[in-house]
Amino acid sequence: MAVHCCSSSFLMFTSPSPKSLCSSSNKTPFLGSSTVALSRPSFQSLPLSRINRTTRICCQDKAAYVPLDQRWMFEESEIDGPDIWNKTWYPKAADHVNTDKPWYIVDATDKILGRLASTIAIYMRGKNLATYTPSVDMGAFVIVVNAEKVAISGKKRTQKLYRRHSGRPGGMKVETFDQLQQRIPERIIEHAVRGMLPKGRLGRQLFTHLKVYKGPEHPHAAQKPVELPIRDKRIQKQR
């Protein structure tokens, strides 16, 4: 097949004549395959009826230019510099120091267990902050008092079950919500909040930020906790 490339970046491929293929019998191996050496190409003009295959490829310059409507985003000194438009912020160690985190306090009296636990988990994870990062502990500490006065709806007081296992065969222990509330009321809120935290090393670290106490007293007055903001009006049980 003869190839002709002009100075104006114009390529034309034409099929050779049958005589040129038959006259040359030399075979040259190329990448494991054999090729047929062709005779000198002919550039004489042929009528369209005698041309079997003709393909034209026009080459264009591939110089990259910044569009005019995007040049306002770049400065002359930033064209060859680092990419400043795709720089994602990630919190450093100094952005989530435990001594700088806020402390909240909430009274669990007559508050629905599930709605209270979800609100506590949001502030413990830091989802209320603009700098929230799923893989970093950005949340706050939460203090819960009067854990024995938490409320539930329906028949959960007698139907909701809590299971624990001693690790030995036949060591399964099952008790109802009412039985656990009388024995260890703090464990009810801890169990609900733990289920709403990530599973793994981050979740175990976040769980240490929860402080649940029976009664109105707590030993964290030095941290100066503020009232936990609750927007859900359905969290308070109506008498």
I'd like the residue in segment 167-202 that is among the polar types (S, T, N, Q) and open to solvent by less than 80 Å² (accessible area, probe 1.4 Å) and, out of all such residues, is farthest from V144 (Cα to Cα).
T176
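Going through segment 124-142 one residue at a time, which ones are among the polar types (S, T, N, Q) and free of Cβ contacts under 8 Å to residues at least 60 places away in the same chain?
Once the filter is applied, which keeps residues that are among the polar types (S, T, N, Q) and free of Cβ contacts under 8 Å to residues at least 60 places away in the same chain, segment 124-142 yields N128, T131, T133.
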Out of (1) under 25 Å from P225 (Cβ atoms); (2) in a helix (DSSP H, G or I); (3) open to solvent by less than 80 Å² (accessible area, probe 1.4 Å), the odd one out for R115 is which?
(3)
Can you find even one residue in segment 132-139 that is touching a His at 6+ places or on another chain (Cβ under 9 Å), in a strand (DSSP E or B), under 21 Å from E227 (Cβ atoms) and not acidic (D, E)?
no
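The values are calculated or read from the model by the stated rules, or taken from the named source; none is laboratory data. Because the structure is a prediction, the values reported are computed rather than measured. Note: ideal-geometry Cβ built from the backbone for every residue, glycine included; neighbour counts use all protein chains shown. Just so you know, the surface numbers come from the protein's heavy atoms only, side chains and all, with ligands and any DNA or RNA stripped out. Shrake-Rupley method; radii C 1.70, N 1.55, O 1.52, S 1.80 Å.
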